[in-house]
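Visitor: Sharing a structure below in structure tokens format, with a few things to ask.
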Amino acid sequence: MPHTANPQLIEDLVAANHILVNEGVLDGFGHISVRHDKDPSRFLIARSMAPGLVTAADIVAVDLDGVVHDAQGRHTYVERFIHSEIYRAQPGVMSVIHSHSASVVPFSVSNTRLRPICHMSGFLGATTPVFEIRYSAGESSDLLIRNQALGKALADLLGTSAVALMRGHGSVAVGRSIQQSVFRAIYTESNARLQSQAMQLGEVNYMTPGEAQATSDMVDEHLERPWQIWKQEAADKIAR
Ligand code: MN
């Protein structure tokens, strides 16, 4: 009999789905998961559905081979291997988000790297790695992370970074909590937008690696504040 997850964790996962839609990170696609609090070899994620409509009843458990364990036999997302292989590779990662947020994609298909340009996105570090799926899947793939081998290749590329871009597709953000991964996904999109704007003005003065680290440490102390307002705003929108 599988262990039952903490209801608060499920509630936060549902709220995170709604927040990420409301903040423009997810749309009809993309997903967020959290590692199971009673069984680190499993994670929790919505069944295959639009994230804005997810409720607690839609959450299923998945193991690190990508097998869904659900009494109702429901399926989850094809790209669940993004989550399973990152959880396998990084024991400290507790939450994973995969999105197609639009401002990030240009940085996945050009030679310009996504770099932190403001103090809310220092978690991006010195540079953000870009996953080239052609190296693993050849010239004719549909760009999706459809199996364990592709998930492992992406997890290897991510390493201990907070964010990795996926060429022509989107990005992945990880965190030590749902609140941290949500913060990172939202500010990755924001940084990409700001960096594109700054580049149109001329040469960009990026943060130093030291500034990136210090600001990342600073914002980690304040994850609860934006989480509360994002959650309230998403709930208000759904209520309307
Ligand atoms: Mn995708």
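Visitor: Do we have residue 13 as of a type outside the set (Lys, Arg) and more than 16 Å from the ligand (Cβ to nearest atom) here? Steps first, please.
Guide: On the way: of a type outside the set (Lys, Arg): yes; more than 16 Å from the ligand (Cβ to nearest atom): yes.
When the stated conditions are applied, residue 13 passes them.
Matching residues to (1) over 30 Å from residue 63 (Cα atoms); (2) at pLDDT below 95; (3) open to solvent by 30 Å² or more (accessible area, probe 1.4 Å):
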position: 147; (1), (2), (3): no, no, yes
position: 195; (1), (2), (3): yes, no, no
position: 203; (1), (2), (3): yes, no, yes
position: 217; (1), (2), (3): yes, no, yes
position: 231; (1), (2), (3): no, no, yes
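Visitor: Would you check which residues across the stretch 172-193 are open to solvent by less than 10 Å² (accessible area, probe 1.4 Å), polar (S, T, N, Q) and under 14 Å from the mean Cα position of the chain (by Cα) and list them?
Guide: 180, 181, 188
Visitor: Taking residue 208, is it polar (S, T, N, Q), over 20 Å from residue 164 (Cβ atoms) and open to solvent by less than 80 Å² (accessible area, probe 1.4 Å)? Quick ask: steps written out before the conclusion?
Guide: Working: polar (S, T, N, Q): yes; over 20 Å from residue 164 (Cβ atoms): yes; open to solvent by less than 80 Å² (accessible area, probe 1.4 Å): yes.
Yes.
Visitor: What residue, among those in the stretch 160-182 that are part of a helix (DSSP H, G or I) and within 21 Å of residue 29 (Cβ to Cβ), is nearest to the ligand (Cβ to nearest atom)? Break it down stepwise before answering.
Guide: Taking the stretch 160-182 first, the residues part of a helix (DSSP H, G or I) are 178-182.
From the residues that got through so far, the ones that are within 21 Å of residue 29 (Cβ to Cβ) too are 178, 181-182.
On the way: 178: 19, 181: 16, 182: 18 Å.
Restricting to residues being part of a helix (DSSP H, G or I) and within 21 Å of residue 29 (Cβ to Cβ), the top hit is 181.
Visitor: Between a first residue in the stretch 186-197 that is closer than 9 Å to residue 114 by Cα and a second residue that is open to solvent by 20 Å² or more (accessible area, probe 1.4 Å), which pairs have beta carbons less than 6 Å apart while being 6 or more apart in sequence or on different chains?
Guide: Close Cβ pairs satisfying both conditions: 192/103; 195/117.
Visitor: If residue 157 meets every condition in (1) open to solvent by less than 30 Å² (accessible area, probe 1.4 Å); (2) within 16 Å of the ligand (Cβ to nearest atom); (3) in contact with a Pro (Cβ under 9 Å, 6 or more places away or on another chain) apart from one, which number is that one?
Guide: (1)
The values are calculated or read from the model by the stated rules, or taken from the named source; none is laboratory data. Please read all numbers here as calculations on a predicted model, not as lab measurements. When we count neighbours, we look across all protein chains shown, and the Cβ atoms used for this are built from the backbone with ideal geometry, even at glycine. To get the accessible areas, we keep the full protein, side chains included, count just its heavy atoms, and leave off ligands, DNA and RNA. Shrake-Rupley method; radii C 1.70, N 1.55, O 1.52, S 1.80 Å.
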